[in-house]
1. Of everything in region 1-24, what is without any contact (Cβ under 8 Å) to a residue 60 or more places away in the chain and part of a loop (DSSP other than H, G, I, E, B)? Give them in sequence order.
2. Out of the residues in region 242-287 that are at positive phi and in contact with a helix residue (DSSP H, G or I) (Cβ under 8 Å, 6 or more places away or on another chain), which is modelled with the highest pLDDT?
3. State which residue is surrounded by the most Cβ atoms within 10 Å (Cβ to Cβ) when the search covers only region 129-156 and only residues that are more than 18 Å from the chain's Cα centre (by Cα) and part of a loop (DSSP other than H, G, I, E, B).
4. Can you confirm whether region 227-239 contains a residue that is within 15 Å of the chain's Cα centre (by Cα) and either touching a residue at least 12 places away in the same chain (Cβ under 8 Å) or not assigned by TED's automatic domain parsing to the domain that holds residue 56 (or both)?
5. Being assigned to a strand (DSSP E or B) and free of Cβ contacts under 8 Å to residues at least 60 places away in the same chain is the filter here; which residues of region 157-197 pass it?
6. Name the one entry in 181, 204 that is surrounded by fewer than 21 Cβ atoms within 10 Å (Cβ to Cβ) and either within 13 Å of the chain's Cα centre (by Cα) or assigned by TED's automatic domain parsing to the domain that holds residue 114 (or both).
7. So which of 136, 171 ends up being closer than 22 Å to residue 73 by Cα and either outside the structural domain of residue 76 (by TED's automatic domain parsing) or out of contact with any strand residue (DSSP E or B) (no Cβ under 8 Å at 6 or more places or on another chain) (or both)?
């Protein structure tokens, strides 16, 4: 047995079932996500008209999900020099899911990238295909020992930021993924779009279930977008960029729907007039800002 496999079993202790799940998840990454999407389609098609089906969707999404990241919060993660072990987020202010809700990054300077299994599921995926980034030595070592078929390679912090920045320029949002089978914590950061990302596609499917319109497999960053009408050129760039329908133009007027906004920051980055900025509203979700999370999840106050 390879050393990285032993670490997986040590991580889960007596929960051998989760260790096996963890192993199969990454070794058969492409088949796993393809099967998960197919199963979601079957469930929605056969049982979508029954409101009780939404409980099954929430059961799954509480155990495997993502958190949208702003560029600033992403940068803090990818420039870490020391380990982070925070959570669980018992209040749901940062990670609003019941089970996979810890921020654990061991030896975070160890990074690797490999082909995105969601993209491999498509005949004509967005390019480049290499967009899944592992953060932390245990996961990186596992990928390097088991995931050669996904063209895994070790990268530096600068390379990781460059990969994600290029994807964001192409309209991909940045997400940190959490999974019970990987210890209930994060470890993978990916660049996602609605056409390729299985979590976004699965969410769109699940929302067809009666009573499940508000269920999502990915949580908003926590930020909203402020607009400076004095600088705005009404060019429509923000509406074209938004994946969530949070911005539209009617008769030359810009309309913003904050309840639909995931705070991904793409519209801010693409606004040619610099008329947009992020802000943190009171009372809502909090961002995955490591400094803020450190205060919130260790008994401090925000």
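The values are calculated or read from the model by the stated rules, or taken from the named source; none is laboratory data. None of these values were measured; they are calculated from a predicted model. Virtual Cβ from ideal backbone geometry, glycine too; neighbours counted across all protein chains shown.
1. 1, 13, 14, 15
2. Only one residue tops the list, namely 265.
3. 152
4. Checked against the condition, which is being within 15 Å of the chain's Cα centre (by Cα) and either touching a residue at least 12 places away in the same chain (Cβ under 8 Å) or not assigned by TED's automatic domain parsing to the domain that holds residue 56 (or both), region 227-239 yields no hits at all.
5. 188
6. Details: 181 fails: surrounded by fewer than 21 Cβ atoms within 10 Å (Cβ to Cβ).
From the options 181, 204, the qualifying one is 204.
7. Values: 136 fails: either outside the structural domain of residue 76 (by TED's automatic domain parsing) or out of contact with any strand residue (DSSP E or B) (no Cβ under 8 Å at 6 or more places or on another chain) (or both).
Among 136, 171, only 171 is closer than 22 Å to residue 73 by Cα and either outside the structural domain of residue 76 (by TED's automatic domain parsing) or out of contact with any strand residue (DSSP E or B) (no Cβ under 8 Å at 6 or more places or on another chain) (or both).
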